[in-house]
Amino acid sequence: MWWLPWEYGLVLAGLLVIVAWRIVPQRPGLAAIAREAAVIAALYSLWQFAGQLSVLGIDDAISRGEWIWDFERALRLPDELVFQNWVRPSSFWTQFSNLYYAIVHVPLMGVFLLWLFLRHRESYPTWRNALALTTGACLVIQLLPVAPPRLTEYTGMIDTGLEYGQSVYGTLGYGIAGQLQAMPSIHVAWAAIIGWAVWEVSTSPWRWVGPMHFTITFLVVAITGNHYWLDGLVAMVLLVGARWLGARLARWTDRRPEVEVIEEPVAVTT
């Protein structure tokens, strides 16, 4: 699986800014789309870049992963290994989980943002802000490396992507994201944004597709051995705060200063 390196994403963001401010400023609709695409390209680049920075000591990362595993057991959360063992006998569902993890994450976010921008423009600023804030918070925390279950023998879990030749990861620290960015899960964070926003803003009978995507994502990130349950739970807590702050930022930026109209006295001639 191949995605743009962070450098290319940054160049794309810069080109989109030029398009928005220099090439199509006289067409507000196109300029707005270009500006928003630039924001998304910049977030993508930051995600990719942070993935490389997070590879700062595999031993400590494994120890943190083992601590999360033990903490989950203390909380009596369901065992991720049990879910993986339920699915592994079926090659179809195991490969489905691998491909859903690898393919759906980024493209569906692009489709969601385009749909939100074109069909529910009034809600777009709030959720764009929530996306940026949640992603930024996740990336800051991910600078402290945590090994996922598939890289921690202590959990007994395997890399199902590697088992079927569907792994999105190459050399440690490269691929579509860094391999030590387990906590929190941006996969779950983005899926939660889509699920929440679609359910909130849409009145279509098909709005259940958003929450369904979130549920499938939460399951496949664990089944494939890429995340602990706690990775997703922390991401969801961050999203609640980001949604609250994103809505207030959207209202603040939408304010327009009132223009005071001063009536000049009209000279009366006789």
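Each value in this text was obtained by applying a stated rule to the coordinates, not by laboratory testing. Remember, it's a predicted structure, so these values are computed and weren't measured experimentally. Note that each Cβ is placed from the backbone with ideal geometry, even for glycine, and that neighbours are counted across all protein chains shown.
Quick notes on this structure:
- Ranking of HIS120, HIS187 by count of other Cβ atoms within 10 Å, fewest first: HIS120, HIS187
- Segments 230-242, 75-87 sorted - mean Cβ within 10 Å per residue, highest first: 230-242, 75-87
- HN-Hα J in Hz across segment 151-164 - Karplus 6.51, -1.76, 1.60, θ = phi - 60°, x for Gly and Pro: 9, 10, 4, 4, 7, x, 8, 10, 8, 5, x, 5, 4, 10
- Under a model in which nothing but the beta-carbon of Lys, Arg (+1) and Asp, Glu (-1) is charged, segment 58-252 shows a dipole of about 940 debye around its Cα centre.
- Along segment 138-145 the Karplus relation, 6.51 cos²θ - 1.76 cosθ + 1.60 evaluated at θ = phi - 60°, assigns HN-Hα couplings of 4, 5, 4, 5, 5, 5, 8, x Hz to successive residues, with x for each Gly and Pro.
- Entry note, segment 148-246: relative contact order of 33 percent, from Cα contacts under 8 Å with a spacing of 6+ residues.
- Compactness check for segment 97-241: Cα Rg over 2.2 N^0.38 Å is 1.05.
- Computed from backbone phi, the HN-Hα couplings of segment 221-235 come to 5, 7, 4, 7, x, 8, 8, 8, 4, 4, 4, x, 5, 5, 4 Hz, rounded to whole numbers (Karplus: 6.51 cos²θ - 1.76 cosθ + 1.60, θ = phi - 60°; Gly and Pro given as x).
- Calculated FRET value between TRP208 and ILE58, using beta carbons and R₀ = 30 Å, to 0.05: 0.15
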